[in-house]
Amino acid sequence: MRITKSIRKLATVMAMLAAVMTIATGCGKKTESWAYSHEPDKETIALYDNGKAVYKGKEYKYTKDDSCITLTDKEKNEIKLRYIKDGDSMTLYEKSVYKLSSEEDHDGIVGTWIQDNGWSYVFTKDGEFSEEGIFFGHYSVDEKENCIKLMYNDPIEDAYLYYTLNDDELIIDYPWPMTAINPDN
């Protein structure tokens, strides 16, 4: 009887200590953990039940609805990540900024768009595209939804890019396939 009471007291003290440590450190329970499908063992984004997140190694506060995860850092900068979840997989859209090549004008998205790291898109008037000078195909634009559909010549699944056009800047929300990581790991 005495041992049972002692075990109950010890369990109560341990539970209280765990609660105090959680409050003191701001730790929460990880509710979602995702990795790029091409790097399934490397966590990209983790969401916690206390409203905190870790994205690419940096800490944020987050809110989430049915289509968007909004991350806010300590300086109140926001990152909005569109997503589509399907069971143990998810498509996460990450923003990339491209600048119009200096030697040309553009008509909508038609033109050569280059990122600071050298990656590029070329969209022609004839509805053809080149991605990184490696992947080629045809495209269509849904201006109402600000969406570009890429239909690759190679046996690659069609991709849907969301975009924002600001003069000589093209911001693309690029779809990255993600896989769930067991949150208990």
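The values are calculated or read from the model by the stated rules, or taken from the named source; none is laboratory data. Every value quoted in this text rests on a predicted model; they were computed, and no experiment measured them. Note: ideal-geometry Cβ built from the backbone for every residue, glycine included; neighbour counts use all protein chains shown. All accessible areas refer to the heavy atoms of the entire protein, side chains included, with ligands and DNA or RNA removed. Shrake-Rupley method; radii C 1.70, N 1.55, O 1.52, S 1.80 Å.
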- [ ] Might you let me know whether segment 1-17 holds any residue that is surrounded by 12 or more Cβ atoms within 10 Å (Cβ to Cβ), among the hydroxyl-bearing types (Ser, Thr, Tyr) and either assigned to a strand (DSSP E or B) or modelled with pLDDT under 95 (or both)?
- [x] no
Task: Subset of segment 50-60 [surrounded by fewer than 16 Cβ atoms within 10 Å (Cβ to Cβ) and part of a strand (DSSP E or B)] - done: Lys58, Glu59
TODO: Run down Tyr48, Tyr93, Tyr55, Tyr62 and say which single residue is without any contact (Cβ under 8 Å) to a residue 60 or more places away in the chain, among the aromatic types (Phe, Trp, Tyr) and closer than 30 Å to Asp168 by Cα.
DONE: Tyr55
TODO: Only residues that are open to solvent by 50 Å² or more (accessible area, probe 1.4 Å) and modelled with pLDDT of 95 or more: list them for segment 147-159, please.
DONE: Lys149, Met151, Asn153
Open item on the list: Condition (residue is β-branched (Val, Ile, Thr), open to solvent by less than 70 Å² (accessible area, probe 1.4 Å) and farther than 24 Å from His138 by Cα) applied to segment 79-98: is it met by at least one residue?
Closed with: yes
TODO: Tell me which residues, restricted to segment 31-49, are surrounded by 15 or more Cβ atoms within 10 Å (Cβ to Cβ) and not aromatic (Phe, Trp, Tyr).
DONE: Glu32, Ser33, Ala35, Glu43, Thr44, Ile45, Ala46, Leu47
TODO: Please enumerate the residues belonging to segment 61-78 that are open to solvent by 50 Å² or more (accessible area, probe 1.4 Å), in contact with a Leu (Cβ under 8 Å, 6 or more places away or on another chain) and either within 21 Å of Leu161 (Cα to Cα) or at pLDDT below 95 (or both).
DONE: Lys64, Glu78
TODO: Can you run down the residue pairs with Cβ atoms below 6 Å, 6 or more apart or on separate chains, where the first is in segment 155-183 and more than 16 Å from Glu143 (Cα to Cα) and the partner is assigned to a loop (DSSP other than H, G, I, E, B)?
DONE: Pro177/Ser37; Thr179/Ser37; Thr179/Pro40; Ala180/Asp88
- [ ] Sort out which residues of segment 65-76 are in a strand (DSSP E or B), of a type outside the set (A, V, I, L, M, F, W, C) and within 12 Å of the chain's Cα centre (by Cα), and write them in order of number.
- [x] Thr70
Task: Enumeration of residues in segment 131-148 that are under 23 Å from His38 (Cβ atoms) and within 19 Å of the chain's Cα centre (by Cα) - done: Ile148
Open item on the list: Exactly one condition in (1) closer than 30 Å to Lys30 by Cβ; (2) open to solvent by 30 Å² or more (accessible area, probe 1.4 Å) is false for Val122; which is it?
Closed with: (1)
